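Before any comments, here is the structure.
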């Protein structure tokens, strides 16, 4: 049996027995059948059962609850959305853009509220987030973000900080300023996802682990086929995020891009005195190639980022969770940002795939004729967005009309990614191109123009 503790520090310290629940043994019926026991599937089950406790809700999970991104992420619960406000405005208009952003602000608080209400010890701490400008070349990005927020009437949710004000919160090398938002929390995702699974079971849901779905059968009587039996239902929900790319009907709807993480040993009191960071804001710079940091509740620094190359055919394998060159780069970045930690010991490294749609826009949909619901495509912003998805899908499946069902991602359809090998060529070009843009800006001290081909292709 797999040692699931080794997949992330979060699973290792989840304070939960990771022994798999029983697998499905024979065909069964249900009202709602859900593929995937991560945040999306579990939140959907939770809100459905709150709305109608008589429902028979069944979840089929290939591994264990929280095995995927829900148990391996950076520990952020942020109001950030995968598609920026300017792009949302271009596509859907001002009112829809504001509706999305206000829904995301509220979702951060909703996650904390339910964790407290259900006594899930997830370590939810709403300390906000800092987008750091490390060097003058990154200042225009945060200044433009603040100007955009003001143009949408959202300035109260953001504060532009200068170098001194930023250092009062967090001291990092080369920082010239930052953009602070209070609408972000840090938490222990392993404890949240495992706790949520137990809450779903207390409310009557059934979770079958070690039960891979091999075929999706839509229609008036939809079902999941598994090696050990079928699950027939009135409606089915596809909630596997990046892993949905491994199912034939969705092969080109998402690509799995790996996000990797390193974790330090606990810092000493004197080291924290040098760094500050007392309010544990989620942090990161504005590099195109992405970095993110968390001050964990037990006094460690988590540093994550991209860098692992996309694999031909959207392959997902355990060996991709660790990429030596990327993990080495992340460890060096910790020392670059915090020189006082040059002798720090790193205790953990891990990674996992995030699901990326062709237009970066999440989908939350329900096809009433085929009886298939799905939520996917969070592009690494899933801790909060998955909760919003659970509430949206609950409304759609039960036929309720609400402000949430009018959001632009509801019943959104992304175009397919290109077939291979064009997909591999394009994604690898974008990955390497954005890294080159970042390096050129760092060397020259000049902000990226936004006009290069990688920047235009990656705009979202």
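Nothing in this text is a laboratory measurement; each read-out follows from the coordinates by a stated rule. Just so it is clear, the model here is predicted, and its values are computed rather than measured. Neighbour counts are summed over all protein chains in view; Cβ atoms, including those assigned to glycine, are modelled from backbone coordinates with ideal geometry.
Before rounding to the nearest 500, sum -39500 (n - 2.57) across all DSSP H runs of length at least 4 in the chain and divide by the residue total; then give [θ] at 222 nm in deg cm²/dmol.
Calculated from helices alone, the mean residue ellipticity at 222 nm is -10000 deg cm²/dmol.
Roughly how tilted is helix 94-117, in degrees to the nearest 10 and between 0 and 90, from the longest Cα axis of the chain?
Helix 94-117 and the main axis of the chain meet at about 80 degrees.
Using the alpha-carbon centroid of each, what span in Å lies between region 183-262 and region 164-178?
40
At residue 12 and residue 439, where each label point lies 7 Å from the Cα along Cα→Cβ, what is the point-to-point distance in nanometres?
It works out to 3.1 nm between the two label points.
Residue separation times 0.36 nm, minus the C-alpha to C-alpha distance between residue 96 and residue 171: what's the value?
Full-extension gain reported as 23.3 nm.
With a cut-off of 8 Å between alpha carbons and a minimum separation of six or more residues, what is the relative contact order of region 34-155 in percent?
With pairs under 8 Å counted, the relative contact order is 18 percent.
Using the Cα gyration tensor of region 105-159, with a ≥ b ≥ c the square roots of its eigenvalues, what is the shape: rounded (a/c below 1.5), prolate (a/b larger than b/c) or oblate (neither)?
Verdict is oblate for region 105-159.
Taking 0.36 nm per residue of sequence separation and subtracting the Cα-Cα distance, how much length would be gained by fully extending the chain between residue 1 and residue 342, in nm to one decimal?
Result for the pair: 119.0 nm of gain on full extension.
At what distance in angstrom do the alpha carbon centres of region 340-361 and region 33-69 lie from each other?
Value for the Cα centre distance between the two parts: 26 Å.
Enter the Cα centre distance for the pair region 107-127 and region 367-390, rounded to the nearest angstrom.
With region 107-127 and region 367-390 each reduced to a Cα centre, they are spaced 20 Å.
Calculate, for residue 150 and residue 217, the FRET efficiency according to 1/(1 + (r/R0)^6) with r their C-beta to C-beta distance and R0 41 Å; round to the nearest 0.05.
0.25
Could you list log10 I(q)/I(0) for region 12-91 at q = 0.15 Å⁻¹, which the Debye formula gives when each Cα is one point scatterer?
The computed values of log10 I(q)/I(0) come out as -0.74.
Need one number: nm distance between label points at residue 315 and residue 52, each 7 Å from Cα along Cα→Cβ, rounded to one decimal.
Output for this residue pair reads 4.4 nm.
Using only the alpha-carbon atoms, how far is helix 324-337 inclined from the longest principal axis of the chain? Give it as 0 to 90 degrees, nearest 10.
The angle comes out at about 50 degrees.
Regarding the chain, what's the average projected area of the Cα-atom convex hull, expressed in nm²?
That works out to 20.3 nm².
Quick one: angle between helix 189-202 and the longest Cα principal axis of the chain, in degrees between 0 and 90, rounded to 10, please.
20
Using 5 Å bins from zero, what percent of all Cα-Cα pairs in region 366-455 falls into each bin?
The percentages, shortest bin first, are 3, 11, 15, 15, 12, 12, 12, 10, 7, 3, 1, 0.
FRET efficiency for residue 328 and residue 269, Cβ-Cβ distance as r, R0 = 45 Å, nearest 0.05?
Efficiency, rounded to the nearest 0.05: 0.95.
Place a point 7 Å from Cα of residue 25 in the direction of its Cβ. Which residues in region 195-235 have their backbone N less than 16 Å from it?
207-211, 227-230
Evaluate E = 1/(1 + (r/R0)^6) for residue 457 and residue 411, where r is the Cβ-Cβ distance and R0 equals 25 Å; express this FRET efficiency to the nearest 0.05.
Computed FRET efficiency for residue 457 and residue 411 comes out at 0.45.
Quote the relative contact order of the chain in percent (integer), defining contacts as alpha-carbon pairs under 8 Å separated by 6+ residues.
About 22 percent, as a whole number.
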